Structures are given as C-alpha cells and as structure tokens.
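See structure below.
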Amino acid sequence: MKFFKQIKINLFIFGLPLLLAVFSCNNDDSSVADQENTNLTNEDNTALLFMLEEEKLARDTYTYLEDLWEINQFSNIKKSEQSHMNAVIGLLDQYDISYSLLAYGEFNNPEIQKLYDQFIDYGSENKANALEVGANIEDLDIVDLAKFIDATTNSAMIQVFESLQCGSRNHLRSFVNAIELSGNTYEPQYLTQEDYILIINDNQEQCGP
C-alpha cells in the first residue's frame with residue numbers, strides 16, 4: 001500500500017502543564033538518578049498522550065474491520081489493544097496527567113484522525129487490504145514506541161512502552177502470516193527492511209503486563 005508510506009505523523013502538542021515533583025536539596029548522585037527515573041519531561045507527557053491515541057487507533061480500526069470482515073486477527077488483537085490503552089492510562093493516572101477519550105473512530109489528534117479515516121477507507125475495500133492495514137498499524141506502532149523509548153529516562157514509561165512494543169511485534173507477525181497465507185506479501189512502511197526481517201524471522205514473544 002504505497003500511499004501509506006507517505007503518511008508522516010507529527011506529534012500534536014496538547015499544551016498540558018507538566019506536573020513535577022519537588023526536587024530535594026540533597027546532592028547525592030543516587031537521589032538525582034532516582035529523580036531522573038521518576039519525573040516526566042514535557043516530551044514524556046506528550047508521548048504518553050500520543051501513544052494513548054495511537055493504541056486507540058489500533059483498537060478502533062480493528063473493531064471496525066472485524067465487524068466488517070470477521071477476521072480472527074482483528075477479533076483477537078483488538079482485545080490486546082484495549083490492554084495496551086489501559087497500560088498507558090495507568091501511567092497517565094499515576095502521574096496525574098489529564099486526558100480524554102473520544103467515541104470510537106474519533107480522536108483528539110488530527111493526524112491520527114486522518115490515519116484512521118484512511119485506514120478505514122482502504123480496509124473496507126476487501127479482506128486483503130484490511131490485513132494490510134493491520135500490518136501497517138503495528139509497523140507504525142513499533143517505530144513510534146522505539147522513538148519514545150530512546151527519548152526518555154523514565155523507568156516506568158520505558159517498561160510499559162517496551163511491553164507494548166513486544167505486543168506489537170507479535171501482532172505484526174500475526175498479520176503478516178495471514179497476509180502470506182492468503183498469497184500476498186507485506187512491504188514494511190515504517191520499519192527498515194532490516195528491522196522488519198529480524199522481527200518476522202523471530203518467534204512469538206512472551207510480553208510483560
């Protein structure tokens with residue numbers, strides 16, 4: 001699906017105030033390290049809100065396409081995407097960050113809304129397109145999570161995002177397997193070819209909560 005390769009998601013700036021813990025006057029190095037691992041930056045704040053909507057994108061798209069085509073992958077993976085949303089919500093609640101969830105198919109982030117609309121239009125044409133949409137979403141999710149993991153020092157956020165990324169790798173393998181069983185092939189749209197091959201050639205993983 002060549003036109004999806006042109007889609008570039010720009011982070012939507014939500015403008016929410018960062019809630020920081022009060023720093024201790026203690027100059028001990030371990031105390032500073034603890035603060036780095038527990039506090040959130042503005043970028044972390046934005047990343048959590050962004051990933052909440054990107055996981056919602058997956059859940060809502062799979063729900064729509066499962067209702068349309070009754071494909072097992074959508075039925076099973078949409079439940080996992082709800083768990084992914086819940087994991088991000090847990091962090092947002094932990095750090096007292098405000099967020100809002102709109103109705104199915106509706107998003108605060110206009111770029112994610114655009115993606116949803118395009119995925120639904122394309123996936124509604126036939127089952128082959130629908131499976132390709134599933135692979136596209138997981139492909140994108142893995143790349144975005146990697147970017148946010150590399151950009152943060154918050155240990156709780158890293159742990160959750162690595163778990164989500166593990167799940168997305170399993171989902172990508174599932175969609176690609178279904179695509180290949182139907183006689184088609186998948187070309188990665190966001191992952192590098194090298195990273196894609198490594199994921200596809202690996203076994204299903206046991207992911208944390």
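The values are calculated or read from the model by the stated rules, or taken from the named source; none is laboratory data. These numbers were taken from a predicted model, which means no experiment stands behind them. Heads up, the Cβs are rebuilt from the backbone with ideal geometry, glycines too, and the neighbour counts pull from every protein chain shown. Only protein heavy atoms, including side chains, enter the accessible area calculation; ligands, DNA and RNA are left aside. Shrake-Rupley method; radii C 1.70, N 1.55, O 1.52, S 1.80 Å.
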Any hit, segment 144-158, residues being surrounded by 19 or more Cβ atoms within 10 Å (Cβ to Cβ), assigned to a helix (DSSP H, G or I) and of a type in the set (Ser, Thr, Tyr): no
Cβ pairs under 8 Å, 6+ apart, first in segment 103-115 and open to solvent by 40 Å² or more (accessible area, probe 1.4 Å), second polar (S, T, N, Q) and part of a helix (DSSP H, G or I): Tyr104/Thr63; Glu106/Gln113
In segment 169-209, the residues that are open to solvent by 50 Å² or more (accessible area, probe 1.4 Å), closer than 19 Å to Ala130 by Cβ and either small (Gly, Ala, Ser) or assigned to a helix (DSSP H, G or I) (or both): Asn177, Glu180, Leu181, Ser182, Gly183
Options Leu20, Leu52, Leu91: the member that is modelled with pLDDT of 95 or more and more than 27 Å from Pro188 (Cα to Cα): Leu91
